[in-house]
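The values are calculated or read from the model by the stated rules, or taken from the named source; none is laboratory data. Predicted model, so just to flag it, every value in this text is computed and none were measured. Backbone-built Cβ (ideal geometry, glycine too); neighbour counts: all protein chains shown.
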Amino acid sequence: MRRPWNIPDSPVYSLVTQVQGKQNMNICTYVIPVSRKPKIYAIAIYNDTQTLEHMLNSDTAVLQLLHSTQYSLVQLLGKKSGFQIEKCEILRRRKLLELWHGFEVLKQVSALIELRKINHQQTGDHVLFTFEAIGFESYNEQPLTQNILREKKIIRA
């Protein structure tokens with residue numbers, strides 16, 4: 001039997017962060033909308049990551065709801081450190097990026113949400129951020145989920 005927090009089939013996101021023109025992307029599953037008006041998201045970012053460093057030094061980010069066919073990107077975006085490799089350069093070489101609201105984002109995602117940071121606080125091994133959604137685009141309603149990652153044997157839970 002799975003642990004209670006692993007039972008729901010949660011969507012898989014990637015957070016795009018940018019500081020002084022340098023971008024990074026990660027994988028986020030601790031993401032939840034917490035308000036309807038204005039639309040507020042809570043996103044937990046793992047400690048000691050480039051994404052966290054960027055977010056502490058920036059006021060904006062883009063949340064990408066990954067498409068169900070993008071499961072193979074989890075290896076690069078979630079299991080590699082932005083401190084050690086240039087994830088966006090690899091994605092650029094693969095021609096997987098396009099420009100959206102001043103950020104390079106993944107092509108063919110299910111949705112994009114432009115975020116403005118409200119605040120943050122340390123919470124265990126993550127820092128919990130709240131963001132206001134200030135823009136969005138929806139493209140496809142077949143998001144990547146944790147169950148797909150389990151089926152593909154990318155994660156265990």
Looking at the range 65-78, which of the residues that are within 23 Å of Glu53 (Cα to Cα) and either within 13 Å of the chain's Cα centre (by Cα) or of a type in the set (Asp, Glu) (or both) is surrounded by the fewest Cβ atoms within 10 Å (Cβ to Cβ)? Leu76
Thr69 being outside any strand (DSSP E or B), within 19 Å of Gln142 (Cβ to Cβ) and out of contact with any helix residue (DSSP H, G or I) (no Cβ under 6 Å at 6 or more places or on another chain): yes
On the given criteria, is Ser58 surrounded by fewer than 18 Cβ atoms within 10 Å (Cβ to Cβ), within 24 Å of Phe136 (Cβ to Cβ), at pLDDT 95 or above and not acidic (Asp, Glu)? yes
Within the range 120-140, the count of residues that are farther than 15 Å from Ile32 by Cα, touching a strand residue (DSSP E or B) at 6+ places or on another chain (Cβ under 7 Å) and at pLDDT 95 or above comes to 9
Quick one: which residue in Leu15, Leu52 is touching a residue at least 40 places away in the same chain (Cβ under 8 Å), surrounded by 12 or more Cβ atoms within 10 Å (Cβ to Cβ) and closer than 20 Å to Ile148 by Cβ? Leu15
Can you find a residue that is in contact with a Lys or Arg (Cβ under 7 Å, 6 or more places away or on another chain), basic (Lys, Arg) and closer than 19 Å to Ile155 by Cβ anywhere in the range 87-97? yes
With the condition kept exactly as written, say whether any residue in the range 103-126 is touching a helix residue (DSSP H, G or I) at 6+ places or on another chain (Cβ under 6 Å) and without any contact (Cβ under 8 Å) to a residue 24 or more places away in the chain. no
Arg93 fails exactly one of (1) surrounded by fewer than 18 Cβ atoms within 10 Å (Cβ to Cβ); (2) touching a helix residue (DSSP H, G or I) at 6+ places or on another chain (Cβ under 8 Å); (3) without any contact (Cβ under 8 Å) to a residue 60 or more places away in the chain, namely (2)
Name the residue, out of Gly82, Gly78, that is outside any strand (DSSP E or B) and either closer than 13 Å to Gln23 by Cα or among the polar types (S, T, N, Q) (or both). Gly82
Right, Ala61: touching a residue at least 60 places away in the same chain (Cβ under 8 Å), farther than 15 Å from Val12 by Cβ and touching a helix residue (DSSP H, G or I) at 6+ places or on another chain (Cβ under 9 Å) or not? yes
Suppose we keep only residues that are in a strand (DSSP E or B) and acidic (Asp, Glu) within the range 85-110. Which one would you say is nearest to Thr17 (Cα to Cα)? Glu104
Which count do you get for residues in the range 3-57 that are under 11 Å from the mean Cα position of the chain (by Cα), assigned to a loop (DSSP other than H, G, I, E, B) and either over 17 Å from Lys79 (Cα atoms) or acidic (Asp, Glu) (or both)? 0
